[in-house]
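Below is one structure, written out as structure tokens; comments come after it.
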Amino acid sequence: DPGADNDRTNEALSFGQECHNFPFADLFFCFGEDQVYSLPTLLLAIYAWVPYVVLFGFLVHFLLKRTSLSILIFGLMVIISILVEAILKPLVKQPRPFESCACGYGMPSGHAALTTGLFVWIALELWLNNWMTKSLFGGGTSTKLTRMLLLAAFLLPTSYSRVYFHFHHWQQVIVGSLVGTVCAVLYFVVMSFVLADYLDAILQIPPFQWFKIQNQYPKRPTDFLEDNLLKLIV
């Protein structure tokens, strides 16, 4: 019962239960009595680092390639992080599970929101646009499917790891995944039908202009929505 766990969490925190209430505290692994030290467990523990690996990876990608892809990834991650950490968690004020190594609020899960959001947005761009295929993946339809499966294996187990190590309840992870999905879909729609035609001009504004960023994001044809809705249905 999450309500009972929340009561125990509040009581434990009021008596000074040891936990780590500092930035990135949930990167530290919490092995409980119900967990064993094994290769699968260690792999799940490493999934706590996935959002930060993505951030660092695309920072390197940006420094090497100077393309709009990294800027768009950063933009989505910043939007989701602000929504979850600065708005939803302080608003809902639901604590983490009693066994969590991290203090603070847990509803919704930021890790689940980030990894699911990235997966959904890349999936939309991959299947509905050729620019993502050329920029990040490469190849035809079979390669798209293969790469998407690899991307899912890299991003999506993060949500399960948050529950396994008691950083979040299942409800917090599910809500986090829904938040990430909604953000990703809205981000795709806004980029596709509002900002796509203005991205060249935006990238000419400092500080973007200083880095001479190459815009890879395509302008949308007038029949883009109709054609791609048919592609999704058929």
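The values are calculated or read from the model by the stated rules, or taken from the named source; none is laboratory data. Computed from a predicted model, the values in this text were never measured in an experiment. Neighbour counts run over all protein chains shown; Cβ positions are idealised from the backbone, glycine included. Areas reflect the complete protein model, heavy atoms only, side chains present, ligands, DNA and RNA absent. Shrake-Rupley method; radii C 1.70, N 1.55, O 1.52, S 1.80 Å.
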Which one of these does residue 162 not meet: (1) crowded, with 22+ Cβ neighbours inside 10 Å; (2) assigned to a loop (DSSP other than H, G, I, E, B); (3) of a type outside the set (A, V, I, L, M)? (2)
Close pairs from segment 148-167: first free of Cβ contacts under 8 Å to residues at least 40 places away in the same chain, partner open to solvent by 10 Å² or more (accessible area, probe 1.4 Å), Cβ under 6 Å, at least 6 apart: 163/170
Filter result (open to solvent by less than 40 Å² (accessible area, probe 1.4 Å) and in contact with an Asp or Glu (Cβ under 6 Å, 6 or more places away or on another chain)) within segment 87-109: 97, 102
If a residue has to be of a type in the set (A, V, I, L, M) and either in contact (Cβ under 8 Å) with a residue 60 or more places away in the chain or in contact with an Asp or Glu (Cβ under 8 Å, 6 or more places away or on another chain) (or both) to count, how many in segment 180-192 make the cut? 3
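Taking the criterion of being buried (at least 20 other Cβ atoms within 10 Å of the Cβ) and among the acidic types (Asp, Glu), would at least one residue in segment 111-125 satisfy it?
Of all residues in segment 111-125, those buried (at least 20 other Cβ atoms within 10 Å of the Cβ) come to 111-122, 124-125.
Cutting the leftovers down to among the acidic types (Asp, Glu) gives us 125.
Within segment 111-125 (the criterion being buried (at least 20 other Cβ atoms within 10 Å of the Cβ) and among the acidic types (Asp, Glu)), the answer is yes, since at least one residue qualifies.
If I ask for residues that are among the aromatic types (Phe, Trp, Tyr), modelled with pLDDT of 60 or more and more than 16 Å from the chain's Cα centre (by Cα), which ones from segment 118-153 would you list? Before the answer, list the steps.
Quick first cut of segment 118-153, residues among the aromatic types (Phe, Trp, Tyr) only: 119, 121, 127, 131, 137.
Next, only the ones that are modelled with pLDDT of 60 or more stay: 119, 121, 127, 131.
Passing the criteria: 127, 131.
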Step by step: first the residues of segment 193-214, then only those that are open to solvent by less than 60 Å² (accessible area, probe 1.4 Å) and in contact (Cβ under 8 Å) with a residue 40 or more places away in the chain, then the one that is nearest to residue 66 (Cα to Cα). Which residue is that? 213
Wholly inside segment 37-86, helices (runs of 4 or more DSSP H) that include 2 or more residues that are over 13 Å from the mean Cα position of the chain (by Cα), surrounded by fewer than 11 Cβ atoms within 10 Å (Cβ to Cβ) and among the aliphatic types (A, V, I, L, M) are 50-65
